[in-house]
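Rule-based calculations on the coordinates, nothing more; no lab input. None of the values given here were measured: they were computed from a predicted structure. Glycine also receives a Cβ, built like all others from the backbone with ideal geometry; neighbour counts cover every protein chain displayed.
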Amino acid sequence: MKNLSLGVPMIHLPDGKDPYIGHEQEFMDTTPHIQIRLISDPTYLCGVREMVASVARRLGFDDMDCSKISLALDEALCNVIRHGYTKAFDQPIWIGITPLEPNAESPGGIMIVIEDEAKKVDPSKIIGRHLEDIKPGGLGVHIIREVMDSVRYEPRETIGMRLTMTKRVVREENPPRLRDHLPGFVRKADAASKRV
């Protein structure tokens, strides 16, 4: 995958392996299917959330997972604006969206990469506040990690930070079919379970 703003490779490690990506490494060398550049103005967050939720729906996520992905994206963007840019509303943010290919466990998924030019932060220091500390705010990192399957923060090559988040569609054991919703139709399994 290319750096969205500078067109340079995302990360180079001496052995070619990235211990943080794991099984998603195979998708990291592709160009995002969708690239968005916006400024760090909260006015635009609603539109970005809606677009990403709509794309996630087309990739096979149900409404609940679309809402969770949208929430994780919103928390991540708010953190960039609030903490990275210290509430400056005129700084650049890049978002890349790439579908994940199907595998044995999942029919697909989504990868979202957020890049900025804010101050660099040691990824090991990006932690949410203690959950025992009851007060408003400060739960964004917890929410992102809870909602997404994998989350990785890293400094960009030149300036700023990069957040890579992935989530896979859960393969249903017994997916519903259209005829299951037709009036008067009873599945064989349902009819058998009603026998005495």
Can you order the peptides 40-53, 111-124 by their average number of other Cβ atoms within 10 Å per residue, highest first?
111-124, 40-53
Multiplying the sequence separation of residue 104 and residue 143 by 0.36 nm and subtracting their Cα-Cα distance, what value in nm do you get?
11.3 nm
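Rank-order 161-170, 146-155 by packing density, defined as the average count of other C-beta atoms within 10 Å over each peptide's residues, highest first.
161-170, 146-155
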How long is the gain from residue 121 to residue 50 if the chain were fully straight, where each residue apart is worth 0.36 nm and the alpha carbon distance is subtracted?
22.7 nm
The FRET efficiency for residue 35 and residue 90, from their Cβ-Cβ distance with R0 = 22 Å and rounded to 0.05, is 0.65
Work out the FRET efficiency for residue 154 and residue 83 from their Cβ-Cβ distance, taking R0 = 25 Å, and round it to the nearest 0.05.
0.95
